[in-house]
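Visitor: What follows is a single structure, and I will ask about it in a moment.
The values are calculated or read from the model by the stated rules, or taken from the named source; none is laboratory data. Please read all numbers here as calculations on a predicted model, not as lab measurements. Glycine gets a Cβ as well: all are built from the backbone with ideal geometry, and neighbour counts include every protein chain shown. The accessibility values were calculated without ligands, DNA or RNA, using every heavy atom of the protein model including side chains. Shrake-Rupley method; radii C 1.70, N 1.55, O 1.52, S 1.80 Å.
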Amino acid sequence: MHDRRLCSTLVLLLLLPACQPAPQEEAPEPAWRLVWADEFETEGLPDPAKWGYDVGGHGWGNQERQYYTERRPENARVEDGRLIIEARRDGWQGHEYTSARLVSRGKGDWTYGRFEARARLPSGRGTWPAIWMLPTEGPYGNGGWPDNGEIDIMEHVGFDPDVVHASVHTRAYHHSIGTQKTARIHVPTARTGFNVYAVEWTPEAIRAFVNDSLYFTFPNERLSNPEADYRHWPFDHPFHLVLNVAVGGSWGGMQGVDPDIWPQRMEIDYVRVYQRAD
């Protein structure tokens, strides 16, 4: 004789899985579309349609020792499909060292996107290469730094080899007052091979990657804190790219400058800018 209660229980157990809601799939990440690039395919000076120069030797706010030159192939040139930014100990305009600081300002300016460069970094105490971004406009505060922000995609100082840094600077968070938001990652081939350094800048956050490995996130505090303003997140207006190799300076020269290592170069295989396709 069968127990009807047991049969009913078994039937319910068999039916339960079919009644459970299907698991929800995560929304896919937005697709990126390429909007600007330099693959460095033409030998000679950098493409003037894409790059200008910051010029001078006034220290650039960091007590840097180099003079940044303009259209001088010894300091900036394209060869063998790569951009070479070379710091030299050759004397120029009364400065012991020369280098170059390329900017896309007025030739490439963007609000939000994915910005990446594939690069090999220089070696030696006193080198300070950087791939970074500055505001093209100055709508906030005094119109300058740090009110309008800075995005550092990659920085490397020669006295701490193969350690790469990503940072942001704002009025509330910057290195001059010890509150900068930053992260570091060990990249064993930073000076011997090419690696892809990137940031993804959206209205929600700035995220930094090496070879697509995420190691730094700076969220938009204005989305979660009603007291936050441009001092915490000024990243809602156009920025441009900056590529340079500094010599010495307040950070790069903290352990001095080796006079016997020059010239030193940063080699860049490509620079690419993407924006959301949606």
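Visitor: Tell me the angle of helix 4-19 to the major Cα principal axis of the chain, expressed in degrees between 0 and 90 and rounded to the nearest ten.
Guide: Result, in degrees: 30.
Visitor: Apply 1/(1 + (r/R0)^6) to the Cβ-Cβ distance of Ser224 and Thr111, taking R0 = 25 Å, and write down the FRET efficiency to the nearest 0.05.
Guide: 0.75
Visitor: Return the distance in nm (one decimal) between the two label points of a simple spin-label model at Asp54 and Ile261, each offset 7 Å from Cα along Cα→Cβ.
Guide: Label-label distance for Asp54 and Ile261, simple model: 2.1 nm.
Visitor: Follow-up question, since we're still on this one. Probe radius 1.4 Å, ligands and nucleic acids ignored: give me the carbon and sulfur share of the accessible area of the chain as a rounded percent.
Guide: In the chain, the share of accessible area belonging to carbon and sulfur is 50 percent.
Visitor: May I pose another question? Can you tell me the length gained on complete extension of the stretch Glu204 to Glu70, counting 0.36 nm per residue apart and subtracting the Cα distance?
Guide: Length gained between Glu204 and Glu70: 44.6 nm.
Visitor: Taking a virtual spin label 7 Å from the Cα of Asp269 along the C-beta vector, which residues in the stretch 100-138 bring their backbone nitrogen under 14 Å of it?
Guide: Hits in the stretch 100-138 for Asp269 at 14 Å: 116-121.
Visitor: Take the alpha carbon atoms of the stretch 74-205, find their radius of gyration, then divide it by 2.2 N^0.38 Å using N residues; give the quotient.
Guide: 1.13
Visitor: Once label points are set 7 Å from the Cα along Cα→Cβ at both Gln93 and Asn62, what is their separation, rounded to one decimal in nm?
Guide: With each label placed 7 Å out from Cα toward Cβ, I get 1.7 nm.
Visitor: When the helices in the chain are scored as -39500 (n - 2.57) per DSSP H run of 4 or longer and the sum is shared across all residues, what 222 nm value do you end up with, to the nearest 500 deg cm²/dmol?
Guide: -2000 deg cm²/dmol
Visitor: For the stretch 33-115, what Kirkwood radius comes out of the mean inverse Cα-Cα distance, in Å?
Guide: 13.9 Å
Visitor: Turning to a different aspect of this structure: Quick one, can you get me the convex hull of the C-alpha atoms of the stretch 193-260 expressed as volume per residue in Å³?
Guide: Enclosed volume per residue, from the Cα hull, is 158 Å³.
Visitor: Ok, one more. The chain: D in µm²/s via Stokes-Einstein (Kirkwood Rh, Cα pairs, 25 °C, 0.890 mPa s)?
Guide: 119 µm²/s
Visitor: Report Rg (one decimal) and Dmax (nearest whole number) for the stretch 144-278, counting Cα atoms only, units Å.
Guide: 16.1, 53
Visitor: Roughly how many Å² is the accessible area per residue of the chain, as a whole number, for a 1.4 Å probe?
Guide: Value returned for the chain: 49 Å² of accessible area per residue.
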